[in-house]
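The values are calculated or read from the model by the stated rules, or taken from the named source; none is laboratory data. Since this is a predicted model, take the numbers as computed values, not measurements. Methodologically, a virtual Cβ is constructed for each residue, glycine included, from the backbone with ideal geometry; neighbour enumeration extends over all protein chains shown. These accessible areas exclude ligands, DNA and RNA; they are computed on the full protein's heavy atoms, side chains included. Shrake-Rupley method; radii C 1.70, N 1.55, O 1.52, S 1.80 Å.
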Amino acid sequence: MPDSTPIATAERITGGVHVDRRHDSAHKHVTGEAVYIDDIREPAGLLHVYLGLSDRPHAKLLSLDLSKVKSAPGVVRVLTSADIPGTNDVSCMGRHDEPLFADDLIEYAGQPLFAVAAETRELARRAARLAVAEYEDLDPVLTTAKARETGTVVFPPMTLKRGDAAEAIASAPRRLEGRIAIGGQDHFYLEGQIAMAVPGEDDEVLVHSSTQHPSEVQHIVAHVLSIPANAVSIEVRRMGGAFGGKETQANLFAATAALVAKKTGRAAKLRPDRDDDMVITGKRHDFEVDYSVGFDDEGRIKGVDFLFAARCGFAADLSGPVTDRALFHCDNTYFYEAVHAQSLPLKTNTVSNTAFRGFGGPQGMVAAERIIEEIAYAVGKDPLEIRKLNFYGEAGRDVTPYHQTVEDNIAPELVADLEARSDYQARRAAIREHNAKGGYLRKGIALTPVKFGISFTATQYNQAGALVHVYTDGSVHLNHGGTEMGQGLYVKVAQVVAEEFQIDIDKVRITATTTGKVPNTSATAASSGADLNGKAAQVAAHTIKERLIGFAVENWGVPREQVVFLPNRVRIGNQEIPFADLVRTAYMARIQLSSTGFYKTPEIHWDRAAGSGKPFYYFSYGAAAAEVTVDTLTGEYRVDRVDILHDVGKSLNPALDRGQVEGGFVQGMGWLTMEELWWDQRGHLRTHAPSTYKIPACSDRPKIFNVHLLENSPNRKDTIYRSKAVGEPPLMLGMSVLHAISDAVASVAGYQRCPRIDPPATPEKVLAAIEALLEQVSPP
Ligand code: MTE
Ligand code: MOS
């Protein structure tokens, strides 16, 4: 295996590991030169495709009259389920519960019924509206409450348990119970869903798809068209954001474009507008979590019981693994002496919810933090004290609800560090003093920790492949199974390859992800893109390097240790030659200069039925301290200051990691405070554009924002250069803002009661919480 320590010489290549390096496309993102799918020069004869959607959440489709669609200007072809040569299915992981086009049964408002292809996008869009459908309405299940009555699940629930939770709660000195409702979230990627398909010879088709999971899109396209996977190539150079929303949701668009292309023999592009994109695609799951907890007078948790009911929508999609991950994170950084936790992935007649940064983990942690907050009010202490009291600790207090031992717990030290850096105690005292004076502007502060498990819980996904070519001019072509969505995966993997060969990063060509170069890939998800693909690329580069060393030993007759890769050159015996010269000489001697690389995460295993195993290779940690001001007359608030300390192990690229931490935090804060999804009684999503769905703007960012990466904290596991995954964990730092708002709100009632604000804490909800508290302490 390759060595994971970079060469310690004063002289360094540019763009090796552990250095700040801008995103490879940063300049192009800013100037608009970065090519997204809609920027690819359109092939001659390209058709534009639009989808016709159902108007009902749950109905039998009695008839669908498409005659007006067909005769509309510019329309070339109209396709329904009857035109699908293969399987009418775009579900992930082969669950067969998600048709490409609904035919007899409609299961959510906005479900695609047909596609229309026309000469221009505008003509296709207008034509799609001309369909006349006849429905027989069925009783829709729209809310979690109603779904709990019917009890239909889209996936078998999971249970985690350790010890006898019921007994521990019953015999604890103190007890409380409650429910928290946690809102969903739209991905709001800047580049919406899009696919462009180009038909080839025979069966062949090339699809440019904005997807995190090219291999799955390949399989979906193959089985919809009833052709073998080897006839389908999926290519993705970059996505303009994905956040989990393109892990499975790209399937439908890619399959439709490919179907049109093969049916018409013309290239076809499908790009829904923002409103349709938001209506058609799944979101973060909203949850209702019931909890009961037993604790002692100090606030130490004795036993806890959770029921995680999630609104999954009409199909399974990733709801099984998402609700599982909520359970895996219902402990956050806390040890439960006894625990029972169960998931309830409920079927509803709404869009099928999907992956979203954190993948259910955030909802699990939000429930854990609510419990901490409740206990703090019950025993009259600062929630931070309750957190510290319940942290994982020494043997006996280090086993998770899924029976994995926490071996790398750094939460106590990290939180202590942030508490000091952020001057938490002094500021908290000052805030209490400020609020004691009364007035309608109240301040609040909270410090919340994060522990996030790294690895796919479906063990088979923890594998990756890469392909590296070295050309005779010494330049390197790099390809791997990971996809680029703005997170900076491509440049991180290029840094690894540059480091391995000791060549400047501008000698390494980053190339688009394609199923033809690296097959059978996993989705770029679970934050493991760099962990998996970085290692695979390192293995590929290392194989070539070993061949070059072997060749040099033979050709120059030197011992192996006298062949040393120095920056952009190689020392062989007592001569130094440029890297490119060694490569050219090796080529002349017929040395193979291309290699694949493969990696699979070691140690992990998971038995879902038993609720036991080691699903995570390691954990990533972080903490955030937020201070807010709340206007108690309107419920509006402002984030005054946020301090973050986040653990990325030994960073591959600190500049990019900071970007992930900042962006993740703001996205998490948006989820828990201002982003609100709203469906009407007819099951129609009414928040389907930025006019009604508010994501954080620049002006919403913390006025003071201190972000630090934890130093001198290499991953204890042998990950790529001892780095840690960073993509998702920082999202959960946003919890600090919710809790700071709650702290400010509690002041109106003298901190006597837990405000129990259910996220998103919109100004409306904050105001309602204030009024409820005031009523409780002094009834009218
Ligand atoms: N960062 C940007 N800029 N855009 C994105 O779409 N997706 C997030 C995270 N950071 C995302 C992002 C999600 S959901 C995941 S799982 C990881 O990036 C995936 O990339 P990684 O595994 O390379 O970290
Ligand atoms: Mo991220 S939710 O794992 O794509």
### Query
Does the stretch 223-247 hold any residues that are open to solvent by 40 Å² or more (accessible area, probe 1.4 Å), more than 10 Å from ligand 1 (Cβ to nearest atom) and closer than 23 Å to ARG357 by Cβ, and which are they?
ARG237
### Message
Looking at the stretch 425-444 only, could you name the residues that are basic (Lys, Arg) and not in a strand (DSSP E or B)?
### Response
ARG427, ARG428, ARG432, LYS437
## Note on the structure
In the stretch 503-557, anything within 24 Å of HIS23 (Cβ to Cβ), more than 16 Å from ligand 1 (Cβ to nearest atom) and part of a helix (DSSP H, G or I) is listed as ILE505, ASP506, LYS507, ALA540, ALA541
### Enumeration of residues in the stretch 445-482 that are out of contact with any Lys or Arg (no Cβ under 7 Å at 6 or more places or on another chain), part of a loop (DSSP other than H, G, I, E, B) and modelled with pLDDT under 95
ALA458
### Task
With respect to VAL583, determine if the residue is over 33 Å from the mean Cα position of the chain (by Cα) and surrounded by 19 or more Cβ atoms within 10 Å (Cβ to Cβ).
yes
### Query
Hey, does the stretch 399-413 have a residue that's in a loop (DSSP other than H, G, I, E, B), out of contact with any strand residue (DSSP E or B) (no Cβ under 7 Å at 6 or more places or on another chain) and modelled with pLDDT under 95?
no
### Restricting the stretch 294-321 to residues that are more than 28 Å from the chain's Cα centre (by Cα) and of a type in the set (D, E, K, R), the residue that is least open to solvent (accessible area, probe 1.4 Å)
ASP296
### Message
Residues that are open to solvent by less than 30 Å² (accessible area, probe 1.4 Å), hydroxyl-bearing (Ser, Thr, Tyr), in contact (Cβ under 8 Å) with a residue 60 or more places away in the chain and under 17 Å from THR601 (Cβ atoms): does the stretch 444-461 have at least one?
### Response
yes
### Query
When you look at HIS739, is it in contact with a strand residue (DSSP E or B) (Cβ under 7 Å, 6 or more places away or on another chain), over 30 Å from VAL379 (Cβ atoms) and not in a loop (DSSP other than H, G, I, E, B), yes or no?
no
### Selection status of ALA494, within 14 Å of ligand 1 (Cβ to nearest atom), open to solvent by 10 Å² or more (accessible area, probe 1.4 Å) and of a type outside the set (Lys, Arg)
no
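Table: residues versus (1) within 14 Å of ligand 2 (Cβ to nearest atom); (2) of a type in the set (D, E, K, R).
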residue	(1), (2)
HIS329	yes, no
ASN332	no, no
GLU337	no, yes
LEU346	no, no
THR350	no, no
ALA355	yes, no
GLY360	yes, no
ILE372	no, no
### Task
Among the candidates LEU774, LEU733, single out the residue that is aliphatic (A, V, I, L, M), in contact with a helix residue (DSSP H, G or I) (Cβ under 8 Å, 6 or more places away or on another chain), free of Cβ contacts under 8 Å to residues at least 40 places away in the same chain and not in a loop (DSSP other than H, G, I, E, B).
LEU774
### Message
Condition first: at pLDDT 95 or above, over 30 Å from the mean Cα position of the chain (by Cα) and part of a helix (DSSP H, G or I). Can you find one or more residues in the stretch 38-57 that meet it?
### Response
no
### Query
So which of LEU710, LEU672, LEU773, LEU731 is open to solvent by 10 Å² or more (accessible area, probe 1.4 Å) and at negative phi?
LEU710
### Message
With the structure loaded, tell me whether LYS28 is without any contact (Cβ under 8 Å) to a residue 60 or more places away in the chain, exposed (fewer than 14 other Cβ atoms within 10 Å of the Cβ) and not in a loop (DSSP other than H, G, I, E, B) or whether it fails that test.
### Response
yes
### Task
Output yes when any residue across the stretch 392-409 is open to solvent by less than 60 Å² (accessible area, probe 1.4 Å) and closer than 18 Å to ARG641 by Cβ, and no when none is.
no
### Query
Is there a residue being of a type in the set (Lys, Arg), in contact with an Asp or Glu (Cβ under 6 Å, 6 or more places away or on another chain) and open to solvent by 50 Å² or more (accessible area, probe 1.4 Å) anywhere in the stretch 34-52?
no
### Exclusive hit being acidic (Asp, Glu) and either in a strand (DSSP E or B) or modelled with pLDDT under 95 (or both), set GLU627, GLU603
GLU627
### Query
So which residues in the stretch 249-287 are open to solvent by less than 10 Å² (accessible area, probe 1.4 Å) and within 16 Å of ligand 2 (Cβ to nearest atom), if there are any at all?
ALA250, ASN251, THR281, GLY282, LYS283, ARG284, HIS285, PHE287
#### Entry: Any hit, the stretch 697-708, residues being farther than 22 Å from GLU191 by Cα, within 16 Å of ligand 1 (Cβ to nearest atom) and in a helix (DSSP H, G or I)
no
